[in-house]
Amino acid sequence: MVGKTEVESLRAKLRGQVIERDDPNYEAASKVYNAMIHKRPLLIARCLDVADVITAIEFGRNQNLQVSIRGGGHNAGGLGICDDGLVIDLSLMRYVRVDPKAKRIRAGGGCVWGDVDHAAHAFGLAVPAGIISTTGVGGLTLGGGLGHLTRRFGLTIDNLLSADLVLADGSFVTASAKQNEDLFWAIRGGGGNFGVVTSFEFRGQPVHTVHAGPMLWEMDQAEAVLKWYRDFLPQAPEDLNGFFAFLTVPPGPPFPEHLHLRKMCGIVWCYSGGPRKAATALKPARGFLRPALDLVGPLPFPVVQSMFDALYPPGLQWYWKADFVKTLSDEAVRLHVEHGSQLPTMHSTMHLYPVNGAAARVGPDQTPWSYRDANWAEVIVGVDPDPGKKDVLVEWARNYWEALHPHSMGGAYVNFMMEEGAERVEATYRGSYERLAAIKGKYDPKNFFRVNQNIPPKQ
Ligand SMILES: Cc1cc2nc3c(=O)[nH]c(=O)nc-3n(C[C@H](O)[C@H](O)[C@H](O)COP(=O)(O)OP(=O)(O)OC[C@H]3O[C@@H](n4cnc5c(N)ncnc54)[C@H](O)[C@@H]3O)c2cc1C
């Protein structure tokens, strides 16, 4: 039990906030994005700066508390919070500084991607990230980072130049290609296992206006579309990215009424190679089978990044299953269509995110993100606002995943996984696992940071 005096002493030392269970803000502060997750931390320390993080870590250590690190709160399994422990909540650390000359972007450890997109866009820059702007920079980066610019500029970690961290013993370090190189290697995929990242420094890429949006086809054409996509995408120009999806058309603009609530398949394109070449790059997609709807057009990059935010607000029920995929055999395509056409709710979906292009040119040992040889990261999500639908979401996603898993590479992208046990974490890191465990042993020998896709330390 943590005494009142100790809590008051923590409150006095922190510039941020300490939220206890009897605080009127507690219920809101202990919620995460996925409403399927219910955890009740003992204390939430909302840190304002590095000094606060050092204090919070020291407090957690001295009080022998389980500690979790919360960035954007989007984690599938709710790994930003914990039961009966201390949450180090970074949501007040949301600053971004752009150095336009050096094309470097520094983001506070609690930023969400919309913060970075907004600040960088003013200088014609962007950092490759995910497809929803409310996702945390922290969790997404530390797990890898797949999105609209992956094929052209690689994963988010391939654009990470350095990071500042507070370690389990309270010391402050910088990790980069020149400082604490082993730690820098480990955080580019190894998740929140190694310390609290208080700031990230990224290389900004020259991206301003892109040609992006979905093309949709009827479900009875899904087999042909998926086969075409499978053959086309891996050899397409790298400035063209497109993720495949099974979806239900949302009942509102910009979708025409006759398609509302229709189950369809689609490809969400993002062409970043300039307006003059966009039509040529997208011609094969428009030509092989006329889409029922084509919403691809010129858009500022931050608009593309937030295109799905309204469809997926916080507070929905999410059940996730995932795998890496190298090839999509005809049988795998058939199974995808069989399960993808049975989406159980309007928000449920399956996405195939490309991993090839620039992401595949980074050597397998350069980062612990060990599926550079995959062509896709597959994610199946059962999603709905109604908690009563939980069983339906889980059953559909599990059946779908079980049918496709034998056609996968075995492991899954760590950021698309819920809590699935130690074996799945090992499968995610493949050949990098032992080295990660050794680095964990050096920087966090007591496994202080264990509320994550945990890599137990090897001494
Ligand atoms: C709607 C939605 C869309 C998504 N789309 C994509 C996508 O397009 N591409 C993609 O790659 N991923 C995507 N993801 C997955 C996303 O990358 C993970 O959910 C990620 O964990 C979210 O990070 P967060 O900071 O918001 O999470 P949190 O729940 O806050 O944190 C998750 C974990 O990250 C670690 N962590 C977070 N911040 C820090 C920090 N500053 N220092 C140390 N550790 C930290 C901690 O270990 C924590 O347990 C999506 C998720 C959702 C819900």
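The values are calculated or read from the model by the stated rules, or taken from the named source; none is laboratory data. This one's a predicted model, so the numbers in the text were calculated from it and none came from an experiment. Glycine also receives a Cβ, built like all others from the backbone with ideal geometry; neighbour counts cover every protein chain displayed. Side chains are part of the model used for accessible areas, which takes the heavy atoms of the whole protein and leaves out ligands, DNA and RNA. Shrake-Rupley method; radii C 1.70, N 1.55, O 1.52, S 1.80 Å.
Considering the range 304-459, its Cα convex hull presents a mean projected area of 10.8 nm². Placing +1 on each Lys and Arg Cβ and -1 on each Asp and Glu Cβ, with no other charges, gives the chain a dipole about its Cα centre of roughly 1080 debye. A straight Cα-to-Cα reach below 20 Å connects K4 with the lysines K13, residues fewer than 8 places away in its own chain not being considered.
Leaving out ligands, DNA and RNA, what percent of the accessible area of the chain is carbon and sulfur, probe 1.4 Å? The nonpolar share, carbon plus sulfur, comes to 53 percent. The trypsin sites (Lys or Arg not before Pro) of the range 393-456 that DSSP puts in a loop, and whose beta carbon has at most 12 other beta carbons within 10 Å, are K446.
E434 exposes around 100 Å² of accessible area when a 1.4 Å probe is run over every protein chain in place. Relative to its residue count, the range 77-117 spans a Cα convex hull of 78 Å³ per residue.
Summarised in one figure, the compactness ratio Rg/Rh of the range 337-406, Cα atoms and Kirkwood Rh, is 1.11. Farthest toward the positive end of the dipole of the chain, out of S370, L404, Y271, is the Cα of Y271, where the dipole comes from beta carbon charges about the Cα centre. Relative contact order for the chain: 16 percent, from Cα pairs under 8 Å spaced at least 6 residues apart, divided by residue count.
Relative to its Kirkwood radius, the Cα radius of gyration of the range 205-317 gives an Rg/Rh of 0.96. A 1.4 Å probe over all protein chains sorts H405, H258 by accessible area into H258, H405, starting with the largest. Here, the range 373-432 has an Rg and a Dmax of 13.0, 41 Å when only alpha carbons are counted.
Quick one: net charge around R61, please, counting Lys, Arg +1 and Asp, Glu -1 for every other residue with C-beta under 10 Å from its C-beta. Spelling it out: positives minus negatives among the neighbours equals -1. The alpha-carbon atoms of the range 84-154 define a convex hull whose volume equals 99 cubic angstrom per residue. Along its principal axes, the range 228-294 has C-alpha extents of 33, 25, 17 angstrom, given from the largest down. Evaluated with a Cβ-only charge set (Lys, Arg +1; Asp, Glu -1), the range 71-228 carries a dipole of roughly 780 debye about its Cα centre, given to the nearest 20. Note on the range 15-94: Cα-Cα pairs beyond 14 Å make up 57% of the total pair count. Compactness check for the range 163-221: Cα Rg over 2.2 N^0.38 Å is 1.83. Compared with the dominant principal axis of the Cα atoms in the chain, helix 390-404 is inclined by about 70°. Normalised per residue, the accessible area of the chain is 39 Å², obtained with a 1.4 Å probe and no contribution from ligands, DNA or RNA.
Computing Rg and the Kirkwood Rh from the Cα coordinates of the range 289-359 gives a ratio, Rg/Rh, of 0.98. Once you keep just the Cα pairs under 8 angstrom separated by 6 or more residues, what percentage relative contact order results for the range 308-459? Relative CO of the range 308-459 lands at 29 percent.
Label point 7 Å out from K390 along Cα-to-Cβ: which residues of the range 81-105 have amide N under 18 Å? 81-84, by backbone N distance to the label point. This model, with +1 at the C-beta of Lys and Arg and -1 at the C-beta of Asp and Glu, gives the range 140-219 a dipole about its Cα centre of some 260 debye.
Kirkwood-type hydrodynamic radius, the chain: 22.4 Å, calculated from all non-identical alpha-carbon pairs. Computed across the range 85-231, the Kirkwood radius stands at 16.5 Å (inverse of mean 1/r, all Cα pairs). When the surface is traced with a 1.4 Å probe over the full set of protein chains, T5 keeps roughly 110 Å² accessible. Note: relative contact order over the range 91-191, using C-alpha pairs below 8 Å and six or more positions apart, is 19 percent. Considering the range 1-149 at the alpha-carbon level, its Rg and Dmax are found to be 16.3, 52 Å. Convex hull of alpha carbon positions in the range 155-194: directionally averaged projected area 2.6 nm².
The Kirkwood radius of the range 285-329, taken over pairs of alpha-carbon atoms, gives through the Stokes-Einstein law at 10 °C and 1.306 mPa s a diffusion coefficient of 107 µm² s⁻¹.
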